[in-house]
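The values are calculated or read from the model by the stated rules, or taken from the named source; none is laboratory data. Predicted, not measured: the structure shown is a model, and the values here were computed from it. Please note: Cβ atoms are built from the backbone with ideal geometry, for glycine as well, and neighbour counts cover all protein chains shown. Heavy atoms of the whole protein, side chains included, go into the accessibility calculation; ligands, DNA and RNA do not. Shrake-Rupley method; radii C 1.70, N 1.55, O 1.52, S 1.80 Å.
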Amino acid sequence: MTTTSVEFLESGVIMKVKPSVDREGRIFLEIHPEVSTGDVLNGLPSQSTDEVTTSMLVESGQTVFIGGLITRNQGKTREGIPILGDLPGIGQLFSNKLITSQNTELVVLVTPYLIDNDRVPLDGGNAAKVETLAQELEQTPRDIDEVLDKMDYFEDIFENVGANEDFKF
């Protein structure tokens with residue numbers, strides 16, 4: 001019996017931020033950016049990850065700069081005239097080697113803001129509509145109660161009318 005399972009690797013640029021606010025209105029940030037690349041070697045997935053974790057305390061609106069995630073890629077290629085470039089000793093005269101190097105640095109800028117509900121409408125300005133709807137929903141049960149009370153009044157009248165056979169509909 002053979003079992004097979006599939007597992008996915010998250011790769012690319014991933015940033016996790018966990019904010020919290022202290023009593024003085026400052027923002028404590030736990031920031032974890034990572035850069036990862038995935039590859040398949042010999043039929044098995046592998047992942048290479050560069051990551052950093054930092055914590056800091058900042059004021060609302062203050063920009064934080066995080067750098068240092070540097071990735072270095074190096075490559076070697078060899079080109080030459082077929083057969084002549086492969087000859088021992090003199091093959092170097094008919095071929096060349098190219099060594100490439102590429103450095104990449106990820107820079108992260110984070111600007112946290114503390115939003116005051118009294119000054120900034122978080123719902124895009126729909127708070128007034130929501131408040132009106134809430135008031136209408138509160139009023140609706142009262143309206144229903146009034147209608148039911150009126151129905152009770154008419155039921156009493158019809159009961160009394162039913163006792164008086166002279167009344168016709």
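Kindly list, by first and then second residue, each pair from a residue in segment 71-82 that is farther than 18 Å from L93 by Cα and touching a residue at least 24 places away in the same chain (Cβ under 8 Å) to a residue that is open to solvent by less than 70 Å² (accessible area, probe 1.4 Å) and hydrophobic (A, V, I, L, M, F, W, C), limited to pairs with Cβ atoms under 8 Å and residues at least 6 apart or on different chains.
From residues that are farther than 18 Å from L93 by Cα and touching a residue at least 24 places away in the same chain (Cβ under 8 Å), the pairs are T71/V35; T71/L106.
Output the residues belonging to segment 23-49 that are charged (D, E, K, R) and open to solvent by 50 Å² or more (accessible area, probe 1.4 Å).
Of segment 23-49, the ones charged (D, E, K, R) are 23-24, 26, 30, 34, 39.
Hits for segment 23-49 are R23, E24, R26, E30, D39.
What is the residue count in segment 1-27 for residues that are without any contact (Cβ under 8 Å) to a residue 60 or more places away in the chain and either small (G, A, S) or over 28 Å from T71 (Cα atoms) (or both)? Steps first, answer last, please.
Here is the first cut: in segment 1-27, the residues without any contact (Cβ under 8 Å) to a residue 60 or more places away in the chain are 1-12, 14, 16, 18, 20, 22-24, 26.
This time we only want the ones that are either small (G, A, S) or over 28 Å from T71 (Cα atoms) (or both), so: 1-6, 11-12, 20, 22-24, 26.
So the count comes out to 13.
What pairs can you find where one residue is in segment 87-103 and over 14 Å from T77 (Cα atoms) and assigned to a strand (DSSP E or B), the other is open to solvent by 100 Å² or more (accessible area, probe 1.4 Å) and at pLDDT below 85, and their Cβ atoms are less than 7 Å apart, with a gap of 6+ or different chains?
Partner pairs satisfying both residue conditions: N103/R72.
Looking at segment 50-71 only, could you name the residues that are open to solvent by 80 Å² or more (accessible area, probe 1.4 Å), in contact with an Asp or Glu (Cβ under 9 Å, 6 or more places away or on another chain) and outside any loop (DSSP other than H, G, I, E, B)?
Hits for segment 50-71 are E51, L57.
Name the pairs: first residue in segment 37-66 and closer than 20 Å to R26 by Cα and touching a residue at least 12 places away in the same chain (Cβ under 8 Å), second residue open to solvent by less than 70 Å² (accessible area, probe 1.4 Å) and among the polar types (S, T, N, Q), Cβ to Cβ under 8 Å, at least 6 apart or on different chains?
Qualifying pairs under 8 Å: G61/T111; Q62/T111; T63/T111; V64/T111; I66/T54.
Kindly establish whether K18 is open to solvent by 100 Å² or more (accessible area, probe 1.4 Å), touching an Asp or Glu at 6+ places or on another chain (Cβ under 7 Å) and either modelled with pLDDT of 85 or more or not polar (S, T, N, Q) (or both).
Numbers: open to solvent by 100 Å² or more (accessible area, probe 1.4 Å): yes; touching an Asp or Glu at 6+ places or on another chain (Cβ under 7 Å): yes; either modelled with pLDDT of 85 or more or not polar (S, T, N, Q) (or both): yes.
So K18 passes the test.
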